[in-house]
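Only one structure is covered here, and it is reproduced in the block below.
The values are calculated or read from the model by the stated rules, or taken from the named source; none is laboratory data. None of the values given here were measured: they were computed from a predicted structure. Note: ideal-geometry Cβ built from the backbone for every residue, glycine included; neighbour counts use all protein chains shown. Quick note on the areas: whole protein, heavy atoms, side chains included, nothing else; ligands and nucleic acids left out. Shrake-Rupley method; radii C 1.70, N 1.55, O 1.52, S 1.80 Å.
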Amino acid sequence: DAIPDQNPSFSCISWNIEGFNRSKSSLHHLFGQAPPDFVFLSEPLLFQCDLPQAMNLFRGEYSWTLHSEDLLDAELPLTKNRAKGGTMAMWKKHLDQHVSICTRGLSASFLPLIFAAPGLETSIHITIYLPTAGKDIEFVEELAKLDDCIDNLTGEYPDAVLYIRGDSNVNKKDKN
């Protein structure tokens, strides 16, 4: 693999995976065909405690982070039988020194990643998965947190390119 200052480009995919464990073999197969530098996943449906086992296929090749609903309630996996929603990012391990995860405004609905490598413009990648289906209040709250996060990051990195990736779950039938 080229390092960023030798190859001034990178590849990424965004995927509403709708369950990481269900689709991880397909993801691994895709990586075997054309391994992307970055992967941004919406709706992995994982708790933090499930992540180490779920990532066994990718150990040594990729680093990762997960924003799941148990970030702010570590006991949630003990009281719920399955995770909902969430956002996740994966990147090739050799990029670790150029990747930072923003935890300001921590939320399972979005995951901000900053990529700053020599020879490339700094870029901000925000993976989203916003709640809907009768969750108007939560949707608006998460949009407000996301807006605040974007304002902070673009203030801190004014020349960075901003990418918003994922599933905003906007339903045109929902007039609210």
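Report D for the chain in µm² per second (integer): Stokes-Einstein, Kirkwood Rh on Cα pairs, 4 °C, 1.567 mPa s.
Result for D is 77 µm²/s.
So, R0 is 35 Å and r is the distance between the beta-carbons of LEU78 and TYR163; what FRET efficiency does that work out to, to 0.05? Before the final figure, lay out each step's value.
Values: r = 35 Å, r/R0 = 1.01.
Rounded to the nearest 0.05, the efficiency is 0.50.
Tell me the mean residue ellipticity at 222 nm calculated for the chain from its helices only (DSSP H runs of n ≥ 4, each -39500 (n - 2.57), averaged over every residue, nearest 500). Walk me through the numbers on the way to the answer.
Numbers: 4 runs with 43 residues, N = 176.
Calculated at 222 nm, the ellipticity per residue is -7500 deg cm²/dmol.
Just want to confirm a number: the relative contact order over the stretch 9-126, from Cα pairs under 8 angstrom separated by 6+ residues, in percent. Walk me through the intermediate numbers first.
Numbers: 209 pairs, mean separation 27.6, N = 118.
Rounded, it is 23 percent for the stretch 9-126.
Taking just the alpha-carbon atoms of the stretch 40-115, what radius of gyration and Dmax come out, in angstrom?
12.5, 37
How many nm is it between the label spots at ARG59 and ASP96, if each spot is 7 Å from the Cα in line with the beta carbon?
For the pair ARG59/ASP96, the computed spacing is 1.4 nm.
Tell me the per residue accessible area of the chain using a 1.4 Å probe; a whole number in Å² is fine.
Value for the chain: 54 Å² per residue.
Could you work out how far the C-alpha centroid of the stretch 30-75 sits from that of the stretch 114-165, in angstrom?
With the stretch 30-75 and the stretch 114-165 each reduced to a Cα centre, they are spaced 19 Å.
Apply 1/(1 + (r/R0)^6) to the Cβ-Cβ distance of LEU120 and ASN16, taking R0 = 30 Å, and write down the FRET efficiency to the nearest 0.05. Write out the running numbers ahead of the final one.
Details: r = 26 Å, r/R0 = 0.88.
The computed FRET efficiency comes out at 0.70.
Heavy atoms only, 1.4 Å probe, whole protein assembly: order PHE58, PHE10 by accessible area, highest first.
Details: PHE58 0, PHE10 60 Å².
The most accessible residue leads, giving PHE10, PHE58.
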